[in-house]
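Report on the following structure.
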Amino acid sequence: MASQNLQSVPAELSPEEQEREAAGQAYFDRIISEDSRIEPRDWMPAAYRKTLLRQISQHAHSEIIGMQPEANWITRAPSLKRKSILMAKVQDEAGHGLYLYSAAETLGQSRDQMMEDLIAGKARYSSIFNYPTISWADMGAIGWLVDGAAICNQVPLCRASYGPYGRAMVRICKEESFHQRQGFEILLELSNGTPAQKQMAQDAVNRWYAPSLMMFGPPDEDSPNSKQSMAWNIKRFSNDELRSRFVGMMVEQVRVLGLTLPDKDIRFNEETKKWEHGPLDWNEFKEVLAGRGPCNSQRIERRREAHENGAWVREAAVAYTRKQAQKENAA
Ligand code: BYC
C-alpha cells in the first residue's frame, strides 16, 4: 500500500530543494509500496522519522526498565541453575535495549537525550513493567505471558520497513523465544510441585494475565497511531488482532501447564475466526500510562540511581576513546 497522509512538499523551499524533496518522496513511496526497506541514509518524511523514533525509543526504554522486576529475584532464585538462567535473561534485556537505542540513534536522536527523557519521566515505556513481582512464580508468569506477548507483537516487527529496526528485531525475537520457554518451564515445574507451589503459579498467572493483554496497546478504535504505522509497514497487524492471536496461543499452552486463565469469557468466534477475551480494565491502563501504576515512581527512581551510579563508567569510556584517538593521531 502506498504511504498516506504524507506532508506535501513545503512551498518555502528553493526550486532545487523542492525537486530533491519530491524525488525523495517518490523514492520513499516506491520503497513502501514494494514492501522494501528504508535505510538511515534515505530520504524519509519527517512524520515517518518521528513515529519510528517514538516507537523504537519507547521499545528500548521498555527493555531497560523491564530488567527491574526480574532483577528483583536474582538474589532469591531457588537454585544456582535458576539464578544463572535468570541473570542471562536480564542481561539479554539490556542487550535488546542497546540494539534498540542504536537503531533509534540512526534517526538522529542521541542516546543521552533518550536517557534524559526517560529519567525525567517524559518518555513512555511498556505499561507491564509497572507491576510488582511478589513471588518466584512471577518469574515464570513474566517469561510465559509477558515474553509470550512480546514475541507475538515483535515477530511481525522483524519485517518493519525501517532496516535498522527490523534487523534488531530478528535477534531480539530469537532471544525472546528462549525467555518464553524458561518462563513456561518455571510454571510447569511449580504446577507439578506441591499444592502450595501450584497455587503460587496460578496466583501469578491470575495477576499477570490482564496486564499482559494490555501490553498490545489500546483497542483499535482508541489507537491513534495504528493506521498510519500500518500504511508505512512499521506495524503489520492491529493491536486487537495481535491480542486475539495471543489469547489463542495461551489457551492451548495453559492446558499443558495444568493451570487456568482467569477469564471465563475466552471463546473462539467461528464467524470471525478470531479468539475473543473478556473485558479489560482500560481505566487501569490509562492510570498506569499517566504514571500512577503500582510501581511507576519506583521504576524511574531506580533507573535514575543506576544512571547516576554509572556516570564514572561513561566518563572513563569517553576518556579512553579520547586517549586512543590522540595515540592514533600522534602515530
Ligand atoms: N504501554 O496508538 P497506539 C519486553 C501508548 S519489552 C505503554 O496503539 P502504537 C520485555 C502508545 O505509545 C516489550 N504505552 O500506539 C522486556 C501511544 O502513546 P504516544 C515492549 C502504551 O505505537 C524486558 C498511545 O498509547 N514492546 O518484551 O501504534 C523483560 C496510543 O497507542 C502501550 C514494544 O515496545 C503500553 N502497553 O502501538 C521482559 C513493542 N500501548 O506514543 C520483556 C513495540 C500503547 O502516542 N511497540 N501505548 O504518546 C509497538 O508495537 C507499539 O508501539 C505498541 C503501541 C503496540 C506498543
Can you pull out the residues in the stretch 147-173 that are touching a Ser or Thr at 6+ places or on another chain (Cβ under 8 Å) and over 19 Å from Asn239 (Cβ atoms)? Pro164, Ala168
Give, as residue ranges, the helices (runs of 4 or more DSSP H) completely inside the stretch 7-92 that count at least 1 residues that are more than 16 Å from the ligand (Cβ to nearest atom) and either farther than 21 Å from Met114 by Cβ or touching a Gly at 6+ places or on another chain (Cβ under 9 Å) (or both). 15-33
For the stretch 192-208, state whether one or more residues are surrounded by 19 or more Cβ atoms within 10 Å (Cβ to Cβ) and either within 16 Å of the chain's Cα centre (by Cα) or within 12 Å of the ligand (Cβ to nearest atom) (or both). yes
Checked Glu175, Glu185 against criteria (more than 9 Å from the ligand (Cβ to nearest atom), in contact (Cβ under 8 Å) with a residue 60 or more places away in the chain and outside any loop (DSSP other than H, G, I, E, B)); the one match is Glu175
List the pairs whose first member sits in the stretch 11-25 and is under 9 Å from Trp43 (Cα atoms), whose second member is among the aliphatic types (A, V, I, L, M), and whose Cβ atoms are under 9 Å apart, counting only residues at least 6 apart or on separate chains? Glu21/Val9; Glu21/Leu13; Gly24/Met44; Gln25/Leu6; Gln25/Val9
Here the residues within the stretch 128-145 that are within 12 Å of the ligand (Cβ to nearest atom) and either among the hydrophobic types (A, V, I, L, M, F, W, C) or not in a helix (DSSP H, G or I) (or both) are Ile128, Phe129, Tyr131, Thr133, Met139, Ala141, Ile142, Trp144, Leu145
Residue among Val247, Val254 that is of a type in the set (Val, Ile, Thr) and either within 16 Å of the ligand (Cβ to nearest atom) or in contact with a Phe, Trp or Tyr (Cβ under 7 Å, 6 or more places away or on another chain) (or both): Val247
Residues of the stretch 260-303 being part of a strand (DSSP E or B) and of a type in the set (S, T, N, Q), which ones? Asn269
Looking at Pro218, is it closer than 27 Å to Ser297 by Cβ and either part of a loop (DSSP other than H, G, I, E, B) or at pLDDT below 95 (or both)? yes
Mind listing whichever residues of the stretch 233-244 are within 11 Å of the ligand (Cβ to nearest atom) and closer than 18 Å to Met44 by Cα? Ile234, Lys235
Quickly run through the stretch 96-127 and pick out the residues that are within 11 Å of the ligand (Cβ to nearest atom) and assigned to a helix (DSSP H, G or I). His96, Gly97, Leu100, Ser127
Quick one: is Gln154 out of contact with any Asp or Glu (no Cβ under 8 Å at 6 or more places or on another chain) and either more than 9 Å from the ligand (Cβ to nearest atom) or not charged (D, E, K, R) (or both)? no
Please enumerate the residues belonging to the stretch 210-255 that are surrounded by fewer than 20 Cβ atoms within 10 Å (Cβ to Cβ) and basic (Lys, Arg). Lys227, Arg236, Arg245, Arg255
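The values are calculated or read from the model by the stated rules, or taken from the named source; none is laboratory data. All values derive from a computational prediction rather than experimental measurement. All Cβ positions, glycine included, derive from the backbone under ideal geometry; neighbour counts span all protein chains shown.
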